1. Per Stokes-Einstein, at 37 °C and 0.692 mPa s, what whole-number D in µm² s⁻¹ belongs to the chain, with the Kirkwood radius over Cα pairs as the hydrodynamic radius?
2. Quick check: Cα centre of segment 1-37 to Cα centre of segment 74-92, how many Å?
3. Per-residue HN-Hα couplings for segment 9-17, Karplus 6.51 cos²θ - 1.76 cosθ + 1.60 at θ = phi - 60°, whole Hz, x for Gly and Pro?
4. Picking from Ala67, Ala34, Ala58, which is most flexible by a Gaussian network model of the chain using Cα springs under 10 Å?
5. Nearest 0.05, what FRET efficiency do Val39 and Arg62 give at R0 = 22 Å with Cβ-Cβ as r?
6. What are the ³J(HN,Hα) couplings of segment 24-30, residue after residue, when phi is run through the Karplus curve with 6.51, -1.76, 1.60 and θ = phi - 60°? Round to Hz, x for glycine and proline.
7. Place a +1 charge on the Cβ of each Lys and Arg in the chain and a -1 charge on the Cβ of each Asp and Glu, then give the dipole magnitude about the Cα centre in debye, rounded to the nearest 20.
8. Pull up all non-local amide H partners of Leu37: gap of 5 or more, or a different chain, and H-to-H distance under 5 Å with H placed in the peptide plane.
Amino acid sequence: MALFAVIYGYVDDDEFVSTHRPEHRSYLRGLADAGELVVAGPFGGPGTPGGLLVLDVASSERAAEIADNDPFYLRGVIADRSVRSWTLSMNPERLTQP
């Protein structure tokens, strides 16, 4: 498996984003339970609202498929996104700490 970073930029509508957040988080929990989602979370300000998913999947195509099926994408919360291969080179043990 390989690591991929999915970087989201959200629409500028906090209420709209919040409306769809529970469905999005449920989807992410399923990915985590399946072992495909390593970490995820929103970006803080300042700057464009958005978030980051780090996926442990076989290919960039699978990472894009996950992004395509995210309720945030399906409901129009995602204004832009990118999928990039990503290498964890420092402190991998931090990902396993509670």
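We did not get these values from a lab; they are worked out from the coordinates using the rules stated. What you see is a predicted model, and the numbers here were worked out from it, not measured in a lab. We place every Cβ from the backbone using ideal geometry, glycine too, and count neighbours over all the protein chains shown.
1. Details: Rh = 13.9 Å.
For these conditions, the coefficient is 237 µm²/s.
2. The two parts, judged by their Cα centres, are 10 Å apart.
3. Karplus values, whole Hz, x for Gly and Pro: x, 8, 5, 8, 8, 4, 5, 4, 4.
4. Comparing Ala67, Ala34, Ala58 in the GNM, the peak value goes to Ala34.
5. Once rounded, the FRET efficiency stands at 0.80.
6. Coupling constants for segment 24-30: 4, 5, 4, 4, 5, 4, x Hz.
7. On the way: 8 positive and 14 negative charges, 45 e Å.
Taking the Cα centre of the chain as origin, the dipole is about 220 debye.
8. Amide H neighbours of Leu37, under 5 Å, 5+ apart: Ala32, Asp56.
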